[in-house]
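Worksheet: the structure to be examined is printed underneath.
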Amino acid sequence: MKRIFLTEDHAAFRKALAFMLEREPYYEVTAQAGSVAEARASGGVACDVAVIDLMLPDGDGTEVIRELRATNPDARILSLSAACDPRRALDAGADEVLGKDASLTSVVNTVRRLAEN
């Protein structure tokens, strides 16, 4: 079972993504957060893949990426960015960056690819 951690402040997008991912065989969304504080409250949840939004209401998603990388060094991290320079996420430890204009299908396909590597 591949464990997925989502940090995304747009609840409708996060819930739709969680729904699509959980329809995948052997995928389980183990935790969801809508802010840096909620991500931290999850206690460095063990995961195989994390999807982290860069622009969160209470801080920068790169903080979450760095902390997750420290507690889960083997996790694969996909960062979503609306307007931020993707290099920020990559420098923080993300494996890949997609624009927020990416379709849910594209995000799911990227998660699937990261989970299998």
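No lab work stands behind these numbers, since they all come straight from the coordinates. Only a predicted model underlies this, so the values are computations on that prediction, with no experimental measurement involved. Backbone-built Cβ (ideal geometry, glycine too); neighbour counts: all protein chains shown.
Net charge of the neighbourhood of LYS100, taken over other residues with C-beta under 10 Å away and scored Lys/Arg +1, Asp/Glu -1, is -3. Across the chain, Cα pairs under 8 Å and at least six residues apart give a relative contact order of 24 percent.
For VAL49, what charge total do you get from the other residues with a beta carbon under 14 Å from its beta carbon, if Lys and Arg give +1 and Asp and Glu give -1?
-3
Amide H to amide H distances under 5 Å link LYS2 with TYR27, GLU28, where only residues 5 or more positions off or on other chains count and H is placed in the peptide plane. Amide H contacts for ALA75 (H built 1.01 Å from N in the peptide plane; partners 5 or more residues away or on another chain; cut-off under 5 Å): none found. For region 2-116, the Kirkwood estimate of the hydrodynamic radius, built from every pair of different alpha carbons, is 13.5 Å. Multiplying the residue separation of ASP91 and GLU38 by 0.36 nm and removing their Cα-Cα distance gives an extension gain of 16.8 nm. A cut-off under 13 angstrom between Cβ atoms defines the neighbours of ARG76, and their net charge, with Lys, Arg +1 and Asp, Glu -1, is 0.
Note on MET1, MET55: ascending count of other Cβ atoms within 10 Å places them as MET1, MET55, the fewest first. Remark: spin-label model distance ASP58-TYR26 equals 3.6 nm, labels positioned 7 Å along the Cα→Cβ axis.
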